[in-house]
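Worksheet: one structure, shown below.
The values are calculated or read from the model by the stated rules, or taken from the named source; none is laboratory data. Not measured: the values here are computed from a predicted model. Methodologically, a virtual Cβ is constructed for each residue, glycine included, from the backbone with ideal geometry; neighbour enumeration extends over all protein chains shown. When the accessible area is computed, the model is the full protein with side chains, heavy atoms only, and any ligands, DNA or RNA have been set aside. Shrake-Rupley method; radii C 1.70, N 1.55, O 1.52, S 1.80 Å.
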Amino acid sequence: MLRARLLARCWAVLAPDGVPPGRAAGRSAAGTAAAGGPPDDLRALVDEHGTAIYRYALSIVRDPATAEDIAQEALTKAWLALPSFRGESSLRSWLLRITHHAAMSMLRVRRAEAIDPDDIEGSSGADHVEGAVENRLALAQFQRALADLDELSRQIVVLREVEDLPYETIAAMLRVPLPTVKTRLLRARRQLTTALEGWR
Amino acid sequence: MGPMRWRHPSRAALRRWLQGEADEPTDAHIATCERCAARLETLAGESDPGGSIGTDALQGVGRAPGLRAALEAALAAPSDLNVRLTTQVHELQQQARWQDVVVDAVGGGLDTLRLLMGDKEDDG
C-alpha cells in the first residue's frame, strides 16, 4: 500500500504532466510536453503574461533582478493555484494581484534589511532596449521621472496605462479609494508627460 | 495619510498639487474626495486643452513615443525572460514534488520500516 503510494509519488515527479499512466489527466493533453520539459500550458501562461508580471514587479521594486525573482515567485504560485482560479476577474488582473502581494512581501523584507532601491537601481531593465530607442538621454530622463514618482503612483500608472485595468480594479487591488487612483494617475501622467518632452 | 480635511482645497491649491508640490492636507483630502478628483480632472483639462494629460491622447505624438510606449521601454523585460521564467517555475515545481516524495517516505516512518522488514522476510 505504502510502496504503491511512493511509486505513484515518484511517477508524479518523473512524468511530464505529473499524472501517472492510466489516470485521467488533471490538465489537458495539450498541457503536456515531451522529455520532461515544462508543460505547454505553463509556457503559454508565461508567454502571455510573463512580461506584464515582470514589468509591474519592476515598477514596484525598481531592480531588474528582484523583479525577475518576484515574477518567478508569482508565476509559481499562480501555476499551482490556477485550477482554483474562478474567473471572477480577468486572468491578467488575478496574476497582477498575486504579483502585487509577492512584491510587497519582498519590499517588506528589503525595508527590514534597510536597502534603498536607489542603491541597486544602476542596472536598469531598459538596458536591453536602449539600443532600440532613438534618444537614450530621453529614456534616462523618463526613467528618472518614473523613479521620482511615489510607489503608489508608479503602480497606478503602470496598471492603468500599460495594463489597461479599470480604475475600480486598480483601487480594489491596491486597497485605496477610487479618487486616490484617479488623482494619482492624473498627477503621474502630468509629471511623466514633462519628462516625455525630450522625445518630442 | 492624515485625517480628511473637511474644507475643499482652493483651485490654486489643486493646481499646485497637480504640479507635484506636496501638500499633506491637500493630499489627504483629495485621496478620498470624489468632488475634488473631478475638479482636478477639469483643472488638468483647462491647463492642457489638447487633453493629453487627462486622456490617453499621448500615444504616438510626433517622434515622441506615447506614455504607454515610454513606460514599456522604461520597464522593458530582457528578451529571454519568458524562457528563463518557464524553466525556473518548472524546476521549482519539480523540486517541490521531490520534497513531497521525501516527506512521504520519511513520514511513513514505522510503516516503511515494517514494509521493508516484511519484504526481507519474504525474500528470505
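One residue stands out in segment A:114-144 among those that are modelled with pLDDT of 85 or more and crowded, with 20+ Cβ neighbours inside 10 Å: the one that is farthest from residue A:100 (Cα to Cα), namely A:142.
Residue-by-condition table, conditions (1) open to solvent by 80 Å² or more (accessible area, probe 1.4 Å); (2) at pLDDT 75 or above; (3) in contact with a Cys (Cβ under 7 Å, 6 or more places away or on another chain); (4) of a type in the set (S, T, N, Q):
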position: B:24; (1), (2), (3), (4): yes, yes, no, no
position: B:51; (1), (2), (3), (4): no, no, no, no
position: B:69; (1), (2), (3), (4): no, yes, no, no
position: B:76; (1), (2), (3), (4): no, yes, no, no
position: B:83; (1), (2), (3), (4): yes, yes, no, no
position: B:90; (1), (2), (3), (4): no, yes, no, no
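Residue A:55 passes every criterion in (1) part of a helix (DSSP H, G or I); (2) open to solvent by 60 Å² or more (accessible area, probe 1.4 Å) apart from (2).
Residues in segment A:158-184 that are open to solvent by less than 40 Å² (accessible area, probe 1.4 Å), part of a helix (DSSP H, G or I), more than 7 Å from chain B (Cβ to nearest Cβ) and modelled with pLDDT of 90 or more: how many?
At the first step, the residues of segment A:158-184 found to be open to solvent by less than 40 Å² (accessible area, probe 1.4 Å) are A:158-159, A:161-163, A:165, A:169-171, A:173-174, A:176, A:179-181, A:183-184.
From what is left, the residues that are part of a helix (DSSP H, G or I) are A:158-159, A:161-162, A:169-171, A:173-174, A:179-181, A:183-184.
Remaining after also requiring more than 7 Å from chain B (Cβ to nearest Cβ): A:159, A:169-171, A:173-174, A:181, A:184.
From what's left, modelled with pLDDT of 90 or more: A:159, A:169-171, A:173-174.
Residues meeting the conditions: 6.
For segment B:92-124, a residue qualifies if it is at pLDDT below 75 and polar (S, T, N, Q), and exactly one does: B:112. Taking the criterion of being at pLDDT 95 or above and basic (Lys, Arg), the only residue of segment A:34-66 that qualifies is A:55. Looking only at residues in segment B:26-38 that are open to solvent by less than 40 Å² (accessible area, probe 1.4 Å) and under 16 Å from residue A:152 (Cα atoms), the one that is modelled with the lowest pLDDT is B:31. Within segment B:94-106, the set of residues being more than 7 Å from chain A (Cβ to nearest Cβ) and open to solvent by less than 80 Å² (accessible area, probe 1.4 Å) comprises just one member, B:96.
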